[in-house]
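In what follows, a single structure is set out as structure tokens and then discussed.
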Amino acid sequence: MQNVDLVIQNIEWLITVDPERRVMRDAAIAVLGGKIVAVGKSAEIAREYSAARAVDAGGTVATPGFIDCHLHSSFQLSRGLADEANAQAFLFERMYPYEAALEGADVRLSATLAAAELLKHGVTCFIDPGNYHPEASVEGIMATGIRAIVSRSSFDLTKSVLGILPERMIETTQVALERAEEVLEKYANTGNPRLGASASFRGLNNASDELILGLGKLAKRYNTLLQTHACFSYSTHDSSVARTKLAEIERLESLGVIDERMLIVHSGWLEPEEVAILAKRKPSLVCAPSSSLHNGYGNILVGKLPELLALGVNVTVGSDHASSGIVDMPQEIRLACCGYKEARINPRVMPSEIGLEMATINGAKAALMADRIGSIEVGKDADIVLFDTQRPEWQPLFNPVSNLVYSATGDSVRDVFVAGEQVVSGGRLVKIDETTLYSEIPTAVARFGKHLKLDQMIQLRWPVS
Ligand SMILES: [Zn+2]
């Protein structure tokens, strides 16, 4: 008998997403020092391993922890402030003013709330495109036990065809690069396996070539990601062509920054030449369906992600932000799989297994962590989610991937483990007190709300008495 820290036993269905894509019945996982040391039948694991702690996972489906490749943790307090807005209004009338109004304390609270919602819906790692208070983000995120790759995002062009940035967000190229480097220096190699850092510019239309090239160099030097939003609406595409005579991906290609360490969010509005560039350079792409559907960007209608997947490009999924409603990976996967089926009028497009790969192993590749997370296999970190199947949406249970993608939501997450540490138990967070967390929100909203035209942002169209 080998002594281990934890055995999760009697798992009704275990979806490993390992290289053979094995799905096991009546399975168990043994964990030692945060890593998976054995995966097998419950009886076999019980014979070979003696556990300091055993978790009975009867009546559950186990999956690898999900990886949300794009979530603005500082936008978590903006839910309901950006409804029925096109790209221009969304950015320049709602989200940028909101972001400029935040102080560090608001960002910390927002980040904790974001990480809480992610964990409770089965996400064990996420990539944050960044904000102006990265230290506060790190503090808020790390309190929950989740893994995260943080950034300090930057803009250095104050004006685009779409609008003018708030004064608080404007900085020179040099300052933006210096601050990005400070964050990389501080968080890229901390020795904390749950924390990483990346280089990030928020979008092409507010970034100079010098900024993009400078951040590209930093990403290389720190061996990390270079992330940006691109091609998310016709307006961003059109304003790029108007200003530079190049579509967004063409411009990145002309700068020589696209490679497998680049993470491009949305990638919806692509010209044929841009599809060819992505297929050749193989960056990771993020499908963010709820964000496009909420604001009507057309990414699924005109998007080429199923074709890019077939061309060998790594496509992941991201919930983007609370301002488009859900922060729930099972729902995001369903929107991606079903949205493309509907847009193509073809049920064979984007089967459920592709959706689950996007949220697990593909996400791990995008985060440059495929050797550590993204699947349940020996040697990887024990990032594991247990879904409670004793609920209507999980019954009957013929095919757990089908139920997960087409029927369930993150609400059915029972337990979550990050590196073998339980961070969600019975649907509640373990490391922070949820009641206290929610009680802090009204004060923060009142504080930053003073700087916003909330009556114009909140679309309360029915009388309230
Ligand atoms: Zn975004």
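The values are calculated or read from the model by the stated rules, or taken from the named source; none is laboratory data. Since the structure is predicted, the reported quantities are computational estimates derived from the model, not experimental observations. Neighbour counts run over all protein chains shown; Cβ positions are idealised from the backbone, glycine included. Protein only, heavy atoms only, side chains kept; ligands, DNA and RNA dropped before computing areas. Shrake-Rupley method; radii C 1.70, N 1.55, O 1.52, S 1.80 Å.
Given the residues LEU397, LEU437, LEU386, LEU452, which is the only one that is assigned to a helix (DSSP H, G or I) and on the phi < 0 side of the Ramachandran plot?
Among LEU397, LEU437, LEU386, LEU452, only LEU437 is assigned to a helix (DSSP H, G or I) and on the phi < 0 side of the Ramachandran plot.
Can you say whether SER235 is more than 24 Å from SER151 (Cα to Cα), open to solvent by less than 10 Å² (accessible area, probe 1.4 Å) and part of a helix (DSSP H, G or I), as far as the supplied structure shows?
No; evaluated as a whole, the condition is false for this residue.
Is there any pair with a first residue in the stretch 291-319 that is without any contact (Cβ under 8 Å) to a residue 60 or more places away in the chain and open to solvent by 40 Å² or more (accessible area, probe 1.4 Å) and a second that is more than 15 Å from the ligand (Cβ to nearest atom) and assigned to a helix (DSSP H, G or I) whose Cβ atoms are under 6 Å apart and which are 6 or more apart or on different chains, and what are they?
LEU301/ALA343; LYS304/VAL275; LEU311/ALA279
With LEU252, LEU285, LEU226 as the choices, which residue is under 15 Å from VAL315 (Cα atoms), surrounded by 19 or more Cβ atoms within 10 Å (Cβ to Cβ) and modelled with pLDDT of 95 or more?
Only one candidate qualifies: LEU285.
Is there a residue being within 17 Å of ASP328 (Cα to Cα), within 17 Å of the chain's Cα centre (by Cα) and surrounded by fewer than 20 Cβ atoms within 10 Å (Cβ to Cβ) anywhere in the stretch 412-428?
no
Is it the case that LYS120 is modelled with pLDDT of 95 or more and open to solvent by 10 Å² or more (accessible area, probe 1.4 Å)?
yes
Would you check if VAL241 is without any contact (Cβ under 8 Å) to a residue 12 or more places away in the chain and more than 14 Å from the ligand (Cβ to nearest atom)?
Spelling it out, VAL241 is indeed without any contact (Cβ under 8 Å) to a residue 12 or more places away in the chain and more than 14 Å from the ligand (Cβ to nearest atom).
Show the residue pairs that are 6+ apart or on different chains and have beta-carbon atoms under 6 Å apart, the first residue being within the stretch 66-82 and within 15 Å of the ligand (Cβ to nearest atom), the second being part of a strand (DSSP E or B) and not aliphatic (A, V, I, L, M).
Listed by first residue and then by second, the contacts come to ASP68/PHE126; CYS69/THR316; HIS70/ASP320; LEU71/PHE126; SER74/ASN131.
Has the stretch 283-304 got at least one residue that is over 26 Å from ASP328 (Cα atoms) and of a type outside the set (Gly, Ala, Ser)?
No, the stretch 283-304 has no match at all.
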